[in-house]
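The values are calculated or read from the model by the stated rules, or taken from the named source; none is laboratory data. Please read these numbers as outputs of a predicted model, since none were measured by experiment. Here the Cβ positions follow ideal geometry from the backbone for every residue, glycine too, while neighbour counts run over all protein chains shown. Heavy atoms of the whole protein, side chains included, go into the accessibility calculation; ligands, DNA and RNA do not. Shrake-Rupley method; radii C 1.70, N 1.55, O 1.52, S 1.80 Å.
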Amino acid sequence: MTNNTILIVDDEIGIRELLSEILRDEGYRVALAENAEQARLWRNQTRPDLVLLDIWMPDTDGITLLKDWASSGMLTMPVIMMSGHGTIDTAVEATRIGAFGYLEKPIPLKKLLGTVGKAMRGSQNKQQTALSLASLGKGALIVDLKKKLEKVANLKTPLLLMGEPGVGMEICAHFLHHPNTPWVEPESLAILAEKPLDLLEQARDGLLFLKDIGETNKLAQKGLLLLLSKLDKYNVRLICATSQPLAELATQGNYNTKLYESLSGLTIGIPSLRAHREDIPDLVNQILSGFTESGEVSPVLQFSTAALNCLRNYDWPGNLTQLTGVVHSLALTCTGDEITADMVQQAMVFPESTSAPSPVPDIPFDLSLREARDLFEKTYFEKLIEEENGNMTRVAERAGLERTHLYRKIKLLGIKLRGS
């Protein structure tokens with residue numbers, strides 16, 4: 001007997017009873033809803049481990065309900081869509097919104113149990129994800145971004161995503177990933193220099209996502225160029241992401257010109273968070289909802305209106321990554337039921353030096369732009385590490401970087417950490 005609960009949402013009583021009997025026999029706990037309104041009530045009260053959701057229902061169709069959950073940060077469990085007369089387009093739309101899979105009625109027993117089991121295993125192994133493209137916002141910039149991604153969704157052309165660190169390039173890449181196909185995202189791009197074709201083998205018939213390609217060395221760039229020439233053979237969609245100015249690096253001779261030309265054929269820019277700050281209050285509430293769902297914080301905790309306005313007015317140099325870190329820190333340290341504007345302001349104020357000279361180095365103007373930037377970044381990170389006494393979690397939050405990105409930066413800049 002398992003403790004997993006499956007919510008079955010279908011307006012046909014015969015379907016609900018049949019699926020309920022099958023799943024109970026397999027040891028699952030089952031909850032039933034005959035329409036979207038009941039499903040919403042059930043979801044608001046608790047989180048099922050999995051939802052079987054009919055597409056065609058009389059009050060609100062399943063696609064609309066799925067969109068509502070995704071846009072409100074409540075799509076934290078796998079959802080399997082069901083339909084007796086669906087189309088491929090409908091199934092694709094559902095999976096892009098965030099559905100785990102799609103079952104066509106009448107549903108073969110083996111396929112039902114296989115899909116449910118796979119979804120359950122995937123959910124248990126999956127780390128809590130904060131946001132999806134559907135939850136990034138409803139402002140004009142995000143609507144335009146979604147339209148661009150939808151337009152290139154079925155192309156096999158390599159795609160280059162560009163934007164500031166922390167803007168959510170991985171979220172955009174996930175939007176283009178077809179469920180139940182491989183998703184490969186190497187932790188280190190060193191593998192490009194060593195075994196680039198191994199990545200293609202792992203990603204065969206799926207998607208390969210490469211982050212921070214502007215920070216690769218010459219050997220890795222050659223490996224990436226080889227990989228590009230073999231994409232068709234392995235049927236792999238390649239999506240690369242960078243916060244570095246590749247055109248500038250190529251002009252300076254620091255980036256392979258042929259590689260840059262191959263990658264830049266299809267490029268989409270991701271807007272910074274401050275460019276669509278009208279979406280920040282909803283984003284904050286969705287991020288907080290994610291921490292509530294994971295059991296980290298109290299379900300009654302909320303941000304005051306003034307606190308949300310305070311967060312909206314901040315410029316967020318670290319974008320979504322920094323926002324998530326700040327919300328997490330505020331949620332964990334709040335001793336009451338409401339996070340106030342004063343708490344937000346205290347969290348956003350960094351220690352100030354009263355008499356120490358400015359940490360900004362005297363940068364010679366005969367350096368190249370990249371050399372000057374490296375010198376500044378080295379001083380910047382050394383200062384943050386010193387102020388946080390080597391606490392790399394806090395350094396990452398202040399810099400607005402993911403920890404893996406931060407460690408790569410520190411290694412690249414030759415900064416020595418205590419104990420290393």
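Couple of notes before you dig in:
- Residues that are open to solvent by less than 20 Å² (accessible area, probe 1.4 Å), touching a Gly at 6+ places or on another chain (Cβ under 9 Å) and under 20 Å from E17 (Cα atoms) do occur in the range 83-93.
- Residue count for the range 313-347, restricted to those that are surrounded by 14 or more Cβ atoms within 10 Å (Cβ to Cβ) and closer than 22 Å to H405 by Cα: 14.
- Yes/no for L145 being over 30 Å from L19 (Cα atoms), in contact (Cβ under 8 Å) with a residue 60 or more places away in the chain, open to solvent by less than 20 Å² (accessible area, probe 1.4 Å) and outside any strand (DSSP E or B): yes
- Against the criterion of being touching a residue at least 60 places away in the same chain (Cβ under 8 Å) and surrounded by fewer than 21 Cβ atoms within 10 Å (Cβ to Cβ), I63 does not qualify.
- Checked against (1) out of contact with any strand residue (DSSP E or B) (no Cβ under 7 Å at 6 or more places or on another chain); (2) surrounded by 15 or more Cβ atoms within 10 Å (Cβ to Cβ), E17 passes all but condition (2).
- Among residues of the range 258-275 that are free of Cβ contacts under 8 Å to residues at least 40 places away in the same chain, those with a Cβ under 7 angstrom from a residue that is open to solvent by less than 60 Å² (accessible area, probe 1.4 Å) and outside any strand (DSSP E or B), sequence gap 6+ or separate chain, pair up as K258/L225; L259/Q221; L259/L224; L259/L225; Y260/L246; Y260/A247; Y260/A250.
- Criterion (modelled with pLDDT under 75, among the small types (G, A, S) and open to solvent by less than 70 Å² (accessible area, probe 1.4 Å)) met by exactly one of A372, A356: A356
- Residues that are among the aromatic types (F, W, Y) and in contact (Cβ under 8 Å) with a residue 40 or more places away in the chain do not occur anywhere in the range 231-250.
- Restricting attention to the range 151-185 and to residues that are assigned to a helix (DSSP H, G or I) and in contact (Cβ under 8 Å) with a residue 12 or more places away in the chain, the residue that is surrounded by the fewest Cβ atoms within 10 Å (Cβ to Cβ) turns out to be V152.
- A search for C-beta distances below 9 Å between a residue of the range 202-219 that is open to solvent by 90 Å² or more (accessible area, probe 1.4 Å) and any residue that is of a type in the set (D, E, K, R), counting only pairs 6+ apart in sequence or on different chains, returns L219/E194.
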